[in-house]
Amino acid sequence: MNNSSFERFQPIAFLSTNTQEIPIIRSLSQNLPVTIWLPNSTKSLENQELARDNLKYYNDSLSEHLTNIWRKYRAFVFCLATGAVIRLIAPLLKGKDCDPAVIVIDRAGKFVISLCSGHQGGADLLAKLIAHQIDATPVITGASSSLQLPAIDILGYPYGWVKGSGNWTGVMAALARQEQVQVIQETGNTLWQHKHLENKIFDFDSATTTIPQARIWISEQKRNFTQSQLPQVQWHPRVLWIGIGCERGTSTVVIEQAVIATCEKYNLAHDAIAGIATIDIKADEVGILELCNCWNVPLKTFTSEKLKQVTVPTPSEIVRQEVGTSSVAEAAAICAVEKDVNSLIVPKQVFKEKGKPGGVTVAVAKANREYTGRTGKLYLVGIGPGSLAQITPAAKVAITEADVVIGYSLYLDLIQPLLRPEQIIESFPITQEKQRGERAISLAESGLTVAVVSSGDCGIYGMAGLVLEQLKVQHWDGNTPKVEVLPGISALQAAASRVGAPLMHDFCAISLSDLLTPWEVIKKRLEAAAMADFVTALYNPRSQKRTQQIITAQEIFLKHRDKNTPVAIVRSVYREEEQITITTLETMLDNAIDMLTTVIIGNSNTCNYQDWMITPRGYLENIF
Ligand code: SAH
């Protein structure tokens, strides 16, 4: 089960009023981590066919039950009439920023409708993923989806940005009308901009003379838009590290107020706070720990040895005598962003009320890179031979879910219908496998979910092995980023299926490409396979420059097999230009063979019948 694609929607509830939908429920429960809720009245039916551990029953009416569990799930999937679902959820809806995703699936499981909270609740994406998983059609009605525009209110999620205040509806309406929207990005990852530099949707040039109809700010600054007629919104990348020094026992409230006052004074967005930094002897300071917990931000601590090496604008001799470094707040903030004094955007602020216990110092440094709070993921995906019908549902789910999809341009074209307008798509030339792998790893290390696609199976002459090797070289810890390998139908299986059943007995694959493997090794394997009577699939059989290898391969096989041994030459299988020929070992080279071809050489028992190639397993006669 490819659960990890659904992680961000967890927990998910599935609700239905009867067991008529068992096939669809079964399919969902097997493939998705959902809790299935059915009415108590169906209990007697025992629901033998359903998985037990995620099946639950409700006693009340569905509307009462829904009210009870509404805040407990991030997503609700109903198998009910849309009208009924609308009536059920209407009294519970509060607003776009807090409502759960609501999905409706028809009883036949043909359509998966994103009903409510399409963007921020993620219902649009979840509907697509479920649709891929159960082979249904997603129904998405939001304007940005039909116009293929990025949904601006979820734009920053992959980078861990926090949505700030503004007229989100106004800006999205301007985008839907395809009006010019100005983007002023002062901080944070600009990767998302690349695919929009050419199209005219966004204007990234703040010096432009055209008058924008709306504006998007991406900044650590907090802006107040009340005066403006122009619809404006703001995203806040989490780049601010708050250095804190405090007296032992200072309360959480005092520290919190000090940080809030500092942010206000310098117009910094509280939402742009990445984390808190201090000296290691404060690692158990209750006020600081509680604040980190309450704001859900990490704490970084540094030794006085490390802190005292940092040049700061406001050193203190008293502090040095107490803790061995002349700066805690400023030096810790600078250490947290791994830069120098220039990164300090707020020097030490002192908060100490006369006569009251506790005292706090606050300083703020700005990091180059935002803290995403996410662990990156690498999906190593096999997309099968070419047609979308031959790609696994799990691979489709992973590709659609990913923030970034990386591959060779031809393969990216093949999976175009699975891609989303918000995704970063990076295509590389066919020879740049190493660069592709390195890029994927570095993006995943920054917290993004990256799908690397290979044709066929990704672990058969594909990208999976290379990426894992590259991770090994850099001493990857096995968890960050997470890795998932999603298999695909390899060219030999696809080719075999189009000519019958040539792989019914022991077989092997040999690539004739000597770019990475010495030709002597390949020749030895050809000899061994031919001698051992393996059915043999030849990958990379001939390129424009490499023409001799397939001739030698034929010669080697002719030494060990009859000249009439059936051979299949299958080009661009399951693609529009597909060509299939069944020939013999003797005449195989009369056919066009290139880098889009897989050649399957039968064993000594392989035979032809009608248009098919069959390798007997021995069921009907003992062939050995
Ligand atoms: N990972 C791929 C193999 C990549 S090596 C897989 O598992 O299928 C590239 C070689 O695969 C090509 O030179 C060709 O021999 C074979 N190949 C890939 N796609 C093919 C297709 N659609 N039809 C026939 N052969 C194909």
Do we find a residue being of a type in the set (S, T, N, Q) and open to solvent by less than 60 Å² (accessible area, probe 1.4 Å) anywhere in segment 290-298? no
Filtering segment 294-340 down to residues that are of a type in the set (Lys, Arg) and either without any contact (Cβ under 8 Å) to a residue 12 or more places away in the chain or part of a helix (DSSP H, G or I) (or both) yields 306, 320
Any idea which residue in segment 569-606 is most open to solvent (accessible area, probe 1.4 Å), counting only those that are touching a Ser or Thr at 6+ places or on another chain (Cβ under 8 Å) and away from the ligand (no atom under 16 Å from the Cβ)? 590
Mind checking which residues of segment 92-141 are surrounded by fewer than 24 Cβ atoms within 10 Å (Cβ to Cβ) and among the hydroxyl-bearing types (Ser, Thr, Tyr)? 137, 141
Strands (runs of 3 or more DSSP E) lying entirely in segment 580-624 (those with 3 or more residues that are of a type in the set (A, V, I, L, M, F, W, C)): 597-601, 612-614
Where residue 317 falls short, out of the listed (1) open to solvent by 20 Å² or more (accessible area, probe 1.4 Å); (2) at pLDDT 95 or above; (3) more than 30 Å from residue 151 (Cα to Cα): (2)
Pull up segment 28-44, narrow it to residues that are more than 23 Å from the chain's Cα centre (by Cα) and assigned to a helix (DSSP H, G or I), then point me to the one that is farthest from residue 63 (Cα to Cα). 44
Count of segment 582-624 residues which are of a type in the set (Val, Ile, Thr), in contact with an Asp or Glu (Cβ under 9 Å, 6 or more places away or on another chain) and under 30 Å from residue 411 (Cα atoms): 2
Of all residues in segment 412-424, how many are crowded, with 18+ Cβ neighbours inside 10 Å and over 16 Å from residue 462 (Cβ atoms)? 5
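For every residue, the table says whether it meets (1) polar (S, T, N, Q); (2) open to solvent by less than 70 Å² (accessible area, probe 1.4 Å); (3) at pLDDT below 95.
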site	(1), (2), (3)
442	yes, yes, no
470	yes, yes, no
473	no, no, no
481	no, yes, no
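Yes or no, residue by residue, for (1) open to solvent by 20 Å² or more (accessible area, probe 1.4 Å); (2) within 13 Å of the ligand (Cβ to nearest atom); (3) in the same structural domain as residue 411 (by TED's automatic domain parsing):
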{"position": "461", "(1), (2), (3)": "yes, yes, yes"}
{"position": "517", "(1), (2), (3)": "yes, yes, no"}
{"position": "531", "(1), (2), (3)": "yes, no, no"}
{"position": "534", "(1), (2), (3)": "yes, no, no"}
If we only count strands (runs of 3 or more DSSP E) wholly inside segment 472-563, which ones have 1 or more residues that are touching a helix residue (DSSP H, G or I) at 6+ places or on another chain (Cβ under 7 Å) and more than 30 Å from residue 450 (Cα to Cα)? 507-511, 535-539
So which of 355, 359, 382 ends up being of a type in the set (Gly, Ala, Ser), more than 17 Å from residue 263 (Cβ to Cβ) and either at pLDDT 95 or above or surrounded by 22 or more Cβ atoms within 10 Å (Cβ to Cβ) (or both)? 382
Please verify whether residue 510 is within 30 Å of residue 610 (Cα to Cα), crowded, with 17+ Cβ neighbours inside 10 Å and more than 16 Å from the chain's Cα centre (by Cα), treating the condition exactly as stated. yes
Criterion first (in contact with a Pro (Cβ under 9 Å, 6 or more places away or on another chain), within 16 Å of the ligand (Cβ to nearest atom), free of Cβ contacts under 8 Å to residues at least 60 places away in the same chain and not charged (D, E, K, R)) does residue 466 satisfy it? no
Out of all the residues in segment 74-92, is one or more of a type in the set (Phe, Trp, Tyr) and in contact (Cβ under 8 Å) with a residue 24 or more places away in the chain? yes
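The values are calculated or read from the model by the stated rules, or taken from the named source; none is laboratory data. These numbers come from a predicted model, not from an experiment. In this analysis, Cβ positions are derived from the backbone assuming ideal geometry, glycine residues included, and neighbour counts consider all displayed protein chains. Heavy atoms of the whole protein, side chains included, go into the accessibility calculation; ligands, DNA and RNA do not. Shrake-Rupley method; radii C 1.70, N 1.55, O 1.52, S 1.80 Å.
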